[in-house]
Amino acid sequence: MEISKGMAVYKNMAKKKPKIKITRTLRQGANESKLEIGSHTGTHADAFFHMLGKGSTIEKIPLSKFIGNCIVLDFSDKKNTIKKIINNKKIRKYEIKKNDIVLLKTRSKPLKKFDYNFTYLDKTGAEFLAGKKIKCVGIDNLGIERNQPGHETHKILLSKNIPIIEGLELSKKKQG
């Protein structure tokens, strides 16, 4: 996602919106600015430390976890507006291989503001993906789970060394 002052942020929290401050102008020699953002702004990766007290912080996760064969699973069907849950039954039909990077597309347009009723991956879907030994999982929402007690989806994936990328812009990506 493009970082801007007006971008969508988790739960529409104004205090989490990026702050961009001009610190120097051309009259002072060069245009420069200071950017202040939270770690969960726009497209970001959740480190294992995010939900696991003894997990690695982001700088210790090898970049190789985010590079490789990728499969996009499209769940943006507008007919499926009531059940906004991606579970193992919905994922099972796809040919997901060990070390794949799985991207979950849930919308057909870029995210403009936070949707409290966003499509999310439930614990059964997380368990299925972990069992496939994928390399990484990503989603186009600002969270991969919604109102799950104990953050089960995060903990299942992160405890299996599977980083999570949230806030991807997948609206123009096709399944496959």
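The values are calculated or read from the model by the stated rules, or taken from the named source; none is laboratory data. Values in this document were obtained by computation on a predicted structure and should not be read as measured data. We place every Cβ from the backbone using ideal geometry, glycine too, and count neighbours over all the protein chains shown. Note: areas computed on protein heavy atoms with side chains; ligands, DNA, RNA excluded. Shrake-Rupley method; radii C 1.70, N 1.55, O 1.52, S 1.80 Å.
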Cβ contacts < 6 Å: first residue of a type in the set (Gly, Ala, Ser), restricted to region 63-76; second residue in a strand (DSSP E or B), any location; separation 6+ or different chain. Result?
68/101; 76/105
For the list (1) touching a strand residue (DSSP E or B) at 6+ places or on another chain (Cβ under 6 Å); (2) open to solvent by 10 Å² or more (accessible area, probe 1.4 Å); (3) modelled with pLDDT of 95 or more, I need the number of the one condition that residue 123 fails.
(1)
If residue 1 meets every condition in (1) assigned to a loop (DSSP other than H, G, I, E, B); (2) open to solvent by 50 Å² or more (accessible area, probe 1.4 Å); (3) of a type outside the set (Val, Ile, Thr); (4) more than 29 Å from residue 95 (Cα to Cα) apart from one, which number is that one?
(4)
Restricting the search to region 40-58, which residues are open to solvent by 70 Å² or more (accessible area, probe 1.4 Å), touching a residue at least 12 places away in the same chain (Cβ under 8 Å) and either among the aliphatic types (A, V, I, L, M) or in a loop (DSSP other than H, G, I, E, B) (or both)?
58
Checked region 126-157 for anything at pLDDT below 95 and basic (Lys, Arg); matches are 146, 155
Name the one entry in 170, 142 that is within 24 Å of residue 62 (Cβ to Cβ) and open to solvent by less than 40 Å² (accessible area, probe 1.4 Å).
170
Consider residue 116 against the criteria (1) modelled with pLDDT of 95 or more; (2) open to solvent by 40 Å² or more (accessible area, probe 1.4 Å); (3) touching a helix residue (DSSP H, G or I) at 6+ places or on another chain (Cβ under 8 Å): it satisfies all of them except one. Which criterion is unmet?
(1)
Region 113-171: number of residues that are more than 26 Å from residue 7 (Cβ to Cβ) and of a type outside the set (Ser, Thr, Tyr):
21
Residue count, region 18-39 (criterion: at pLDDT below 85 and either open to solvent by less than 60 Å² (accessible area, probe 1.4 Å) or at positive phi (or both)):
1
